[in-house]
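Everything on this sheet refers to the single structure shown next.
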Amino acid sequence: MEQAKPRQAVALIVGVTGMVDVAITEALKQPTALGGPWTVYGVSRLSLPTWFPSSLLDKHIMLDTLNQHQTHEILAPLSSQITHVFWVAIQVSESEQVCISLNSTMLSNVLHALTYSPNSKLINVTLQTGTKQYVGPVFDPTLSTQLIPHDSPFIEDYPRLPFPSFYHALEDILASYSKSLTYSIHRPSIIIGASTRSYFNIPLTLAVYALVCKHQNYPFRFVFQSVLLSRSCNSFDPWGVCACSCMIYITFV
C-alpha cells in the first residue's frame, strides 16, 4: 500500500520582526527543524528592517491585520497552504479595553481568513502572551490600582484574575476554533533580545533611560514597578522562548 505523503509544513509568523519571531524564523529554517522542511511566510505592518534576515523568509507579507478586508484579500488565497500560525503580534494601549479590542480584531481577522475556505490546511496555532496572565493589566492606569496578583513563582493552572485582559480574549478566540485546530499558549516573562520593532524590549528601554540619565546627570535608579522588587522574576532570550514553542506546537494528523 502506498504511504500517504507527509503534509508540507507552511508557517505563517504574524509579527515577524519581533524578537521571538526572528528566532522562530531562524529555527524553522534549520535542517533539523521538527516537522520540516518548512516554508515560512512572515507578516508585518511595515517593510522589513535592514537588519532582518529576509533570505530566511519564503515570502514577506506587508499587512495591517486590523483591516478585515485587506487581511481576507491577502491571506484567504494562502489558506490552502498554511498549516501553522505563530502569533506574536501585539497592539499596545494603556487602556486594557482598547488592547482587548485591537488584539482580538487582529487575531479574529487572520483566523477567519485562513479557515474561511473548506480547503483550509490550518491545523495549529501557537500563541505567545506573557505573565500579565498572572499579575493583571499592570499598565492600565485605572485597573492597575486594584490588582491583587498571584504569588510567584507562577503556575500555569492558576485561575484567571477577575480583571479584563486581552490575553484572556485571545485564548477564548482560539478555544472557539478548538473543533477544527489545535493550539498552544506560551507565557514567557521578560524577553531580552535584539529588535527595533518590539514594543517591550528591555535592553532598548534601559539604553535610552541610561542615555537620558547620563545627559541630564541623573542617578541611574531602578525604574520598574515596585512589584518587581518584592517578587521573583525571570527572563529569557528569544531563542529560549522559541525552543519551548517549537517543542510543543507541531501537530500533524
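The values are calculated or read from the model by the stated rules, or taken from the named source; none is laboratory data. From a predicted model like this one, the values you see are computed outputs, not experimental measurements. Just so you know, the surface numbers come from the protein's heavy atoms only, side chains and all, with ligands and any DNA or RNA stripped out. Shrake-Rupley method; radii C 1.70, N 1.55, O 1.52, S 1.80 Å.
Brief remarks follow.
- The separation of region 19-79 from region 137-184, counted between C-alpha centres, amounts to 26 Å.
- Interchain or long-range residues, amide H under 5 Å from His186's placed H: Leu127, Gln128, Thr129
- Geometric descriptor of region 1-137, per residue, is 140 Å³ (volume of the convex hull of the Cα atoms).
- What region 64-117 shows is 41 Å² of accessible area per residue, with the surface traced by a 1.4 Å probe over protein heavy atoms.
- Over region 43-145, relative contact order from alpha-carbon pairs under 8 Å, at least 6 apart, %: 30
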